[in-house]
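Novice: Below you'll find the structure I mean.
The values are calculated or read from the model by the stated rules, or taken from the named source; none is laboratory data. Here the structure is a predicted model, which means the values were calculated and not measured. Cβ placement follows ideal geometry from the backbone for every residue including glycine, while neighbour counts extend to all protein chains displayed.
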Amino acid sequence: MTRTLIRTVFLLLALTGAAAAQSNRPALRASVIVDSSIVRIGDLVENAGPVADIPIFRAPDLGTTGAVSTDSVVEAIRPHQLIDIDTHGLAEVIVTRASRAIAPQEISDTITQALSQRFGLGEPRNLSLVFDLPVHTLQVEPTASGPLQVLALRYDPRSGRFDVTLDLPSSRLLQQSPARFTGSAMETVEAVTVNRPLERGAVLEASDLTVIRRPKAQANGFVDMNGAIGLAASHPLRPGQPLAAADLTRPQVVARNDTVTLIYEVPGLTLTLRGQAQDSGAVGDTIGVLNPQTKRVVQGVVSGPGRVTVAGTAMHLAENIPEVVQPSATAAPE
């Protein structure tokens, strides 16, 4: 009994020691993030021990990711007497270089703010920049803090050209190599345009319109959608073209040769009869209407869809009333 107990104890101690040894075994990591320009053994291998701080590879560029094969890692570590590494069956290790990313929008905002303050170009949100070259995200050290600063700025008000150099005092990288951008700046204003093609005569609704920004020098049209809603296209309209007064007109509610209700009005008396429109017209337009009974053409004002109102003297009225119409002082328009 005693011997059995002793064997059990020794077996447990052996298993515990083996587990402890296994847990302390150097092991390859599948992916790592480094914040310096070099990759050390301890970045790639857990439980690297005294050799953890030894550099073995160059890190990827700031903000980028690279891969190094497991064979290359093992070969680079071999001279440093780190053996029996558990590779977990990995074929490669993914290495990412940490950074602070400065997006193109932050770059543009810094430039427009400086142009607005130094050259009086209006509100920064109204400035539009066109860069000579595509603006890419700036990658700086992850420890670099604070906003971008303008190191130098030149602007030609005649051409709109700018030349700006940006710096970040907390970034050694930008201190050594400041970022320079060139391009053109212009002040813009809001303009209303259609968001889909519309044919001549189409009446604009709110869903047909959108607001874009255009150079201030080209601002000669609608800046508020409410002013365009309910008007009709005077010619085909295309998206992206700012709407001007000449592009829209009041919608026609009477077409040439339409049968319309002709309303005669004099103080105390209103009469109606059918007539034929001799012209097209919008509300408020004066058009001719043929009275088919008398074959006379009278001038009236379009007062609504299919309705034309004529105001005149009693004598003029009598000349145009057909015999079949019985006037009534209380007659109402059709």
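Novice: Going by the structure shown, is ILE94 β-branched (Val, Ile, Thr) and part of a loop (DSSP other than H, G, I, E, B)?
Specialist: So ILE94 fails the test.
Novice: Filter the stretch 171-211 down to residues that are of a type in the set (S, T, N, Q) and crowded, with 16+ Cβ neighbours inside 10 Å, then give me how many there are.
Specialist: Number of matching residues: 3.
Novice: Let me ask something else about it. Of the residues PRO236, PRO169, PRO242, which single one is outside the structural domain of GLY288 (by TED's automatic domain parsing), modelled with pLDDT of 90 or more, more than 21 Å from ASP109 (Cα to Cα) and not acidic (Asp, Glu)?
Specialist: PRO236
Novice: Condition first: surrounded by fewer than 16 Cβ atoms within 10 Å (Cβ to Cβ), more than 46 Å from the chain's Cα centre (by Cα) and in a loop (DSSP other than H, G, I, E, B). Now tell me which residues in the stretch 58-86 satisfy that.
Specialist: Selection gives GLN81, ILE83, ASP84.
Novice: Still on this structure: Return yes or no: is SER99 within 30 Å of GLU46 (Cα to Cα), touching a residue at least 40 places away in the same chain (Cβ under 8 Å) and either surrounded by fewer than 14 Cβ atoms within 10 Å (Cβ to Cβ) or small (Gly, Ala, Ser) (or both)?
Specialist: Against the criterion (within 30 Å of GLU46 (Cα to Cα), touching a residue at least 40 places away in the same chain (Cβ under 8 Å) and either surrounded by fewer than 14 Cβ atoms within 10 Å (Cβ to Cβ) or small (Gly, Ala, Ser) (or both)), SER99 qualifies.
Novice: Report whether or not ARG214 is outside any helix (DSSP H, G or I), buried (at least 19 other Cβ atoms within 10 Å of the Cβ) and free of Cβ contacts under 8 Å to residues at least 40 places away in the same chain.
Specialist: Against the criterion (outside any helix (DSSP H, G or I), buried (at least 19 other Cβ atoms within 10 Å of the Cβ) and free of Cβ contacts under 8 Å to residues at least 40 places away in the same chain), ARG214 qualifies.
Novice: Now for a different question. List the strands (runs of 3 or more DSSP E) inside the stretch 246-312, counting only whole elements, that have at least 2 residues being touching a Gly at 6+ places or on another chain (Cβ under 9 Å) and among the aliphatic types (A, V, I, L, M).
Specialist: Fully inside the stretch 246-312 and qualifying: 252-254, 259-266, 286-291, 296-304, 307-311.
Novice: Take the conditions modelled with pLDDT under 95 and touching a Leu at 6+ places or on another chain (Cβ under 8 Å) and apply them to GLY49. Does it pass?
Specialist: Spelling it out, GLY49 is indeed modelled with pLDDT under 95 and touching a Leu at 6+ places or on another chain (Cβ under 8 Å).
Novice: Scan (1) touching a residue at least 60 places away in the same chain (Cβ under 8 Å); (2) farther than 30 Å from ASN24 by Cβ; (3) touching a helix residue (DSSP H, G or I) at 6+ places or on another chain (Cβ under 6 Å); (4) assigned to a loop (DSSP other than H, G, I, E, B) for the single condition THR112 breaks and write down its number.
Specialist: Among (1) touching a residue at least 60 places away in the same chain (Cβ under 8 Å); (2) farther than 30 Å from ASN24 by Cβ; (3) touching a helix residue (DSSP H, G or I) at 6+ places or on another chain (Cβ under 6 Å); (4) assigned to a loop (DSSP other than H, G, I, E, B), the lone unmet condition for THR112 is (4).
Novice: Of all residues in the stretch 132-188 being in a strand (DSSP E or B) and more than 28 Å from the chain's Cα centre (by Cα), which is farthest from ALA101 (Cα to Cα)?
Specialist: Result: ASP156.
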